[in-house]
Amino acid sequence: MTAPRDDLLAAFPDLVAECIRGHLPRLKTCEGMLGGFDLDELKRTGLASPAVLVSRLGVRPRDTLAGPHRRVTLAMAAFVVTRDEMGLKRDTALSNITATLIQLIPDQYWGLAGVGEAERVEERVLINRAARQVTASLAVVTWDQPVTLAALPEDMVLRPELYLGGDMDGDIT
């Protein structure tokens, strides 16, 4: 069994952003970050759009497997920012990008050891009067990502063994 990365929590948003960038190559910004994103931060950063910012919002317990092998759920988010471009309205661009994410993310484990399939994918549009004043559209696609942060200790790995029955003469039946 391949062990999960030691830096999985820190690296996960960037790894997901890299995959998303491969599916949406026309994004001007696609990167990982930690925590939330809102209109005030958009105003401060002057983010080049269209953009997708992938973030880990938190970690919560999931379940316990055999022994000390625990899994957690990462609360993940992909913040989508668009502005009007020639021939493409920001709300249309926002819908196109979120539709791609909604199709891409479910069941995705991003090719990483210790990562389960993404689940509970949802979109929420965050457009309000203030966003319209800065001529931007903002939405977030959220999902749960089950992960195991540590491999099962080597001495706890169960090795399969096959027991065959036999008669008293030693013949296998």
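Counting only residues that are loosely packed, with under 13 Cβ neighbours inside 10 Å and outside any helix (DSSP H, G or I), which one in segment 37-57 is modelled with the highest pLDDT?
A48
For segment 1-26: of the residues being touching a residue at least 40 places away in the same chain (Cβ under 8 Å) and part of a loop (DSSP other than H, G, I, E, B), which is farthest from V59 (Cα to Cα)?
L24
The values are calculated or read from the model by the stated rules, or taken from the named source; none is laboratory data. All figures in this text were calculated on a predicted structure; none of them were measured in a lab. All Cβ positions, even for glycine, are placed from backbone atoms using ideal geometry, and neighbour counts span all protein chains on display.
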